[in-house]
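Q: Please read through the structure below; I'll follow up with questions.
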């Protein structure tokens with residue numbers, strides 16, 4: 001009798017240690033501290049917090065974060081960065097400023113990938129004006145190669161509203177996964193609201 | 001042992017340029033090369049290491065991190081040939097996108113050079129000094145020697161650990177305290193562990209000295225090595241200062257990446273030993289500048305986008321000792337823009353304004369100048385600068401966004 005109990009206890013402990021992904025059903029949802037409301041057409045998995053994640057952030061994935069990842073950042077105030085970082089780290093992602101120009105916002109996203117994803121090759125594909133969460137914003141398309149040498153594509157859609165940053169980003173392997181996730185991502189971004 | 005492609009790019013296996021602290025100075029003339037033209041591995045250990053390196057090289061050759069620059073590749077290969085002569089026939093060069101200052105040479109002849117090295121050196125002689133150091137590891141067969149050293153010491157450590165436990169057990173059975181055997185074994189093994197690092201440092205000293213010899217034999221000034229080293233120390237000091245940190249030239253028994261003023265002094269001493277009176281030798285400043293010119297903006301971009309402002313601004317100012325131009329001024333502004341400390345916006349704006357005065361200013365300098373003017377409340381001038389950007393690069397990836405800003 002003791003042995004089965006031990007196995008159950010060990011399994012429970014291991015389960016408690018494992019990262020906890022939770023299912024996100026294909027239904028309207030409030031994300032990133034309930035700051036952005038989106039309507040996914042497919043089911044996703046909400047990822048546990050990662051080492052660089054900030055309080056205003058939420059991440060979803062369909063097939064695992066290495067293959068596809070949707071990032072929501074909602075209500076980031078002026079003076080905060082889009083990544084957690086030590087104040088004295090040699091390399092730092094610039095903090096968000098409400099007065100940032102489009103080129104500043106694009107550079108902030110690029111620097112994030114160069115520093116946090118270890119991207120040594122990063123190419124901007126396009127920057128277009130869009131409306132996001134009811135505010136004028138931009139859509140930034142890019143490709144990059146991170147430390148695992150996998151070529152990825154990315155799309156970041158962001159806007160500054162009430163001096164706060166609202167952002168959705170899709171990053172996925174350039175082969176298959178980015179294009180597959182892009183349909184639902186684009187629909188969510190188009191209908192996102194505060 | 002295993003060899004990975006990422007390890008190669010990181011310079012982990014094959015000794016990295018100035019990677020570990022050098023030990024006592026070794027006279028450049030005191031060593032003979034252990035590798036000649038057409039050298040092949042001689043025993044099972046070495047053949048195994050070559051096979052691992054060959055496999056890693058196959059993957060590296062297909063990596064999407066390789067720099068696509070045939071002319072620059074040919075130029076750097078020429079430097080390797082200058083250093084190694086006929087032995088260079090067995091070497092293959094791989095330029096990789098990696099913004100750190102490093103290079104490595106594997107025992108099978110695979111030379112990996114980081115883009116971060118190319119942005120930090122300013123003359124052919126300085127580039128040759130780093131490649132010569134790596135070629136020194138290659139010529140003195142340091143990889144196989146290091147592998148054997150680690151195996152022997154780890155075997156000794158295992159023997160000491162097992163022996164001490166046996167003796168501790170026997171002592172305990174005899175009614176004594178076996179703990180002293182364990183303490184003795186720990187002390188011996190700590191010494192053996194530290195000696196592995198000492199061996200690495202000794203190899204670094206050899207590579208320094210042999211590299212200087214190769215540098216001088218190729219007709220370059222041996223003083224170039226100390227110049228590179230001095231610049232690296234100053235860059236790291238600037239990086240630390242910019243983040244309000246203390247720069248520490250570490251010197252413990254377990255150091256793996258310490259820049260070291262003592263080592264720079266040794267390089268200078270060895271240079272004087274090779275060339276007692278500094279004489280005019282090949283510097284290759286203009287040749288290097290011409291070879292790197294087509295990639296210069298990309299190299300500076302990789303550097304500045306790391307947002308390590310102390311290092312970036314130090315290196316930009318070092319390049320500027322050869323004269324400012326539009327590209328350098330633009331990236332100076334970018335470094336301040338990304339740093340975003342109080343007053344940096346205005347400093348960046350001045351740098352962008354200075355950049356666009358030069359004929360060689362990249363189109364993006366006009367964009368940066370335009371946005372800086374808009375932020376400063378100079379709407380008309382800002383829009384004019386943005387329009388100039390679109391004139392120069394009408395198909396820019398962000399042209400639609402800039403047109404939108406112009407219409408606001």
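Q: Could you check the spin-label model distance between residue A:98 and residue B:190? Points 7 Å from the Cα along Cα→Cβ, value in nm.
A: With each label placed 7 Å out from Cα toward Cβ, I get 5.7 nm.
Q: Report, in degrees rounded to the nearest 10, the 0 to 90 angle that the Cα long axis of helix A:2-17 makes with the longest principal axis of chain A.
A: Roughly 10 degrees between the two axes.
Q: So, one more: Measure off 7 Å from each Cα along the Cα-to-Cβ vector at residue B:182 and residue A:45, then give the distance between these two points in nanometres to one decimal.
A: Distance between the two pseudo-spin positions: 4.3 nm.
Q: Per residue of chain A, what 222 nm ellipticity follows from adding -39500 (n - 2.57) for every DSSP H run with n ≥ 4, rounded to the nearest 500?
A: Roughly -8000 deg cm²/dmol at 222 nm, from the helical runs in chain A.
Q: Given Cα positions, please report Rg to Rh for the range B:324-406, the hydrodynamic radius being the Kirkwood one.
A: 0.95
Q: Let me ask something else about it. Averaged over its residues, how many other protein chain Cβ atoms are within 10 Å of peptide B:396-403's Cβ atoms?
A: 6
Q: For the pair residue A:187 and residue B:391, how long in nm is the line joining their label points, each one 7 Å along Cα→Cβ?
A: Rounded to a tenth, the inter-label distance reads 4.7 nm.
Q: Further question: Quick one: if the Förster radius is 25 Å, what FRET efficiency do residue B:81 and residue B:47 give, using the C-beta to C-beta distance and rounding to 0.05?
A: The calculated FRET efficiency here is 0.40.
Q: Which FRET efficiency value, to the nearest 0.05, do you get for residue B:32 and residue B:154 by plugging their Cβ-Cβ distance into 1/(1 + (r/R0)^6) with R0 = 45 Å?
A: 0.95
Q: If each residue's Cβ is checked for other Cβ atoms within 10 Å, how do B:232, B:118 rank with the fewest at the top?
A: B:232, B:118
Q: Another question, if that's okay. Please compute the length gained on full extension between residue B:293 and residue B:167, using 0.36 nm multiplied by the number of residues separating them and subtracting their Cα-Cα distance.
A: Here the segment from residue B:293 to residue B:167 would lengthen by 38.7 nm.
Q: Give the angle, between 0 and 90 degrees and rounded to the nearest 10, that separates the Cα long axis of helix A:177-191 from the longest principal axis of the Cα atoms of chain A.
A: Helix A:177-191 sits at roughly 70 degrees to that axis.
Q: Hey, another quick one. Sort B:269, B:131 by Cβ crowding within 10 Å, fewest neighbours at the top.
A: Listing B:269, B:131 from fewest to most nearby Cβ atoms yields B:269, B:131.
Q: Continuing with the same structure: Report, in deg cm²/dmol and to the nearest 500, the calculated mean residue ellipticity at 222 nm for chain B, where each DSSP H run with n ≥ 4 adds -39500 (n - 2.57) and the sum is divided by the residue count.
A: -20500 deg cm²/dmol
Q: Answer rounded, prolate or oblate for the range A:26-94, using the Cα gyration tensor with square roots of eigenvalues a ≥ b ≥ c: rounded when a/c is under 1.5, else prolate when a/b is larger than b/c, else oblate.
A: oblate
Every number here is computed from the coordinates shown, using simple stated rules; none is lab data. Keep in mind it's a predicted model, so treat the numbers as computed, not measured. Here the Cβ is made from the backbone with ideal geometry for all residues, glycine too, and neighbour counts use every protein chain on show.
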